[in-house]
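Working notes, beginning with the structure itself.
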Amino acid sequence: TVVAWGYNGVGNLGDGSATDRSSPSAVPGLSGIVAVAAGAHHSLALKSDGTVFAWGWNDQGQIGDSKTINRLSPVAVPSLNGVTALAAGVKHSLALKNDGTVLAWGGNSVGQLGDGTTTGSLKPLTVPSLSSVIALAAGDYFSLALKEDDTVHAWGGNSAGQLGDGSTTNRSSPVTTVGLNGAIALEAGDDHSIAL
């Protein structure tokens, strides 16, 4: 099961209201959850059967239900299955599938969906040319993927060099983080990245 607390102005907590909570409150209707992720104002939950539920802020389609309506309660992300991990940025969401491919949806103003464009998507899209991924992370407006060969790939906003490709150029398709091998885990902050 899932509990949530804190700011709830756009349904971030998934309890059917927009009332802030200063202590943990159950997210109704969710069971069999094995992982969660939180964006700026939206939330994701992964069920044991590989399906995904989302709720909260949805102005850029970050919920993935083909709409831009905020959701106060969890809704299923349609046609999404076989998922093993999730990550969420400010206005975009990522899912790792059991075949090592990555799906992305929501805002794409600086290429954070990795599909070679800066056009947002209201439903999950496969990130092209990216396979054998074993872990994901999402910063505010960028995305990271760790591959089976221990290399890191990144895309999206790069104003502070958070993609690690030696530049500060935004990238709408994945690029390899330079000089980094042997990575086993990733995390992303607002505008910086770390690897173990």
Problem set entry | Check on A138, under 18 Å from L186 (Cα atoms), touching a residue at least 60 places away in the same chain (Cβ under 8 Å) and of a type in the set (A, V, I, L, M) | yes
Problem set entry | Near pairs, Cβ below 8 angstrom, 6+ apart or cross-chain, from region 170-188 (among the basic types (K, R)) to any residue that is part of a loop (DSSP other than H, G, I, E, B) | R171/G111; R171/N158; R171/L163; R171/D165
For this session: Answer yes or no: is there a residue in region 70-78 that is within 23 Å of N158 (Cβ to Cβ), surrounded by fewer than 18 Cβ atoms within 10 Å (Cβ to Cβ) and over 9 Å from the mean Cα position of the chain (by Cα).
Result: no
For this session: Hey, could you check region 37-67 for residues that are touching a Leu at 6+ places or on another chain (Cβ under 7 Å) and hydroxyl-bearing (S, T, Y) and say which is most open to solvent (accessible area, probe 1.4 Å)?
Result: S66
For this session: Report whether or not A87 is modelled with pLDDT of 95 or more, touching a Pro at 6+ places or on another chain (Cβ under 9 Å) and either outside any loop (DSSP other than H, G, I, E, B) or open to solvent by 20 Å² or more (accessible area, probe 1.4 Å) (or both).
Result: no
Exercise. Any idea which residue in region 4-36 is most open to solvent (accessible area, probe 1.4 Å), counting only those that are of a type outside the set (G, A, S) and more than 16 Å from V75 (Cα to Cα)?
Worked result: W5
Exercise. Looking at this structure, is D99 assigned to a loop (DSSP other than H, G, I, E, B), modelled with pLDDT of 95 or more, more than 16 Å from D115 (Cβ to Cβ) and open to solvent by less than 60 Å² (accessible area, probe 1.4 Å)?
Worked result: no
Exercise. If we scan region 108-117, do we find a residue that is over 15 Å from the mean Cα position of the chain (by Cα), free of Cβ contacts under 8 Å to residues at least 12 places away in the same chain and open to solvent by 30 Å² or more (accessible area, probe 1.4 Å)?
Worked result: no
Exercise. Which one is farthest from S131 (Cα to Cα) among residues in region 154-196 that are open to solvent by 80 Å² or more (accessible area, probe 1.4 Å) and among the acidic types (D, E)?
Worked result: D190
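So that you can scan it fast, the table gives a plain yes or no per residue for (1) more than 23 Å from T119 (Cα to Cα); (2) in a loop (DSSP other than H, G, I, E, B):
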site	(1), (2)
G29	yes, yes
A35	yes, no
A45	yes, no
D49	yes, yes
N58	no, yes
G61	no, yes
G64	no, yes
L72	yes, no
L80	no, yes
Exercise. Which residue pairs have Cβ atoms under 8 Å apart, sit 6 or more places apart or on different chains, and have a first residue in region 4-29 that is among the aromatic types (F, W, Y) and a second that is open to solvent by 30 Å² or more (accessible area, probe 1.4 Å)?
Worked result: W5/R21; W5/S22; W5/S23; W5/P24; W5/S25; Y7/D20; Y7/H41
Exercise. Does S131 satisfy being open to solvent by 40 Å² or more (accessible area, probe 1.4 Å), part of a loop (DSSP other than H, G, I, E, B) and without any contact (Cβ under 8 Å) to a residue 60 or more places away in the chain?
Worked result: yes
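The values are calculated or read from the model by the stated rules, or taken from the named source; none is laboratory data. From a predicted model like this one, the values you see are computed outputs, not experimental measurements. Cβ coordinates were reconstructed from backbone atoms using ideal geometry, including for glycine residues, and neighbour counts include every protein chain displayed. Ligands, DNA and RNA are stripped out before the accessible areas are found, and what is left, the full protein with its side chains, is counted by its heavy atoms. Shrake-Rupley method; radii C 1.70, N 1.55, O 1.52, S 1.80 Å.
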